[in-house]
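Where a number appears in this text, it was derived from the coordinates with a stated rule and is not lab data. Since we're looking at a predicted model, the values are computed, not measured. A quick note on method: Cβ atoms are made from the backbone with ideal geometry, for glycine too, and the neighbour counts reach across all protein chains shown.
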Amino acid sequence: MNRTTIIATLFLVVMAVFPFLVDSAWLSIGITFLVFAVVAFSQDIILGRAGVFNMGHAIFFGMGAYTTAILNVHYGFEIIQTIPFAILIPVVFSVLLAGPIIHLRGDYLLVATIGFNIIFEQVLSNDVFGLTGGPNGIFGIDFFRVFGYELTSDTAVYYIAFALLIVTLLIIRNLDTSRYGRALYYINKNEIAAKSMGINISYYKLFAFALGAAIAGAAGCVFAIQYSAVSPESFNFMQSVMFFAIVLVGGSASLPGIIIGTFVMFVLPELFTEFKESRYLIFGAAMVLTMILRPNGVWPATFGNIPKFLKKKAREAK
């Protein structure tokens, strides 16, 4: 059992008993932490593993939330019935949006995704087709029901978010050990070398976009359940900046790094309420210091390094 597995196990054990250790205010913070951790992990698939500079990830998060809200409030769907749509619609749009620009690199791709996020926010704010509720958003989202039981308590919502986090971690673990994960790693390190090995660059990048969008959409559904409402400001460009920064500061493709980044951004302000209004300033300063002192992130990943037994054989051969 490696260090990351031990840390993940301890983290999941603590989070499993967290609702029994805190009051209602901190339970709400715990739900938000879990939801945003899931979104950050989904961004990490695109940015940390595929190396795609995506600064519009709040789009997919928002699509999941608004899909649940629209289908439930306007069309009477049960929350559980909206989940497949909250996952599939972001996937479809991720492919449609990323398809024409996936060949772009670095700053060019960054600017394109920023533009998409701004357009998305404007679409929500202008109440397109009379479905999004305009600047005020959509209120009155129903409770989550399963097998006739209403899951109305914060504890129930917490464990829904916790279950989604576990599923997300399992998906990422399987991804890292699959040929898709290896292909994304090679693309991230050197696209030219990866292409020379016969790896279809565009296909795997689109795959990363679609998978990240699916997970973010599911998190958006839980977000809508938590607050029983959605509004455009929850999915604006600054939210995308936060998810982007969490991956860079925490450490690309690093499970502990993403958790630390999410904690610093969304939980730490609650510990120091006097700085809550200045969280962007605090996180900006943290980004600058991290890039200077630890350019690979607070907890950089070691995925892809040469295995120790091969290093040992190389030394013996000398």
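Things to note:
- Debye log10 I(q)/I(0) at q = 0.11, 0.16, 0.29 Å⁻¹ for segment 18-86, Cα point scatterers: -0.40, -0.76, -1.09
- Neighbours of Y186 by Cβ distance under 15 Å: Lys/Arg scored +1, Asp/Glu scored -1, total +4.
- Phi-based couplings in Hz for segment 252-261 (Karplus 6.51, -1.76, 1.60; Gly and Pro marked x): 4, 6, 10, 4, x, x, 5, 4, 5, x
- Å³ per residue enclosed by the Cα convex hull of segment 99-177: 199
- Sorting the segments 236-245, 207-216, 4-13 by their mean number of nearby beta carbons within 10 angstrom, highest to lowest, gives 207-216, 236-245, 4-13.
- Counting charges near G134 (Lys, Arg +1; Asp, Glu -1) among other residues having Cβ under 15 Å from its Cβ returns a value of -3.
- Rg ratio for segment 1-115: its Cα radius of gyration over 2.2 N^0.38 Å, N being its residue count, equals 1.32.
- With a cut-off of 15 Å between beta carbons, the residues surrounding G76 carry a summed charge of -1, where Lys and Arg count +1 and Asp and Glu -1.
- The chain: proportion of alpha-carbon pairs further apart than 25 angstrom, %: 51
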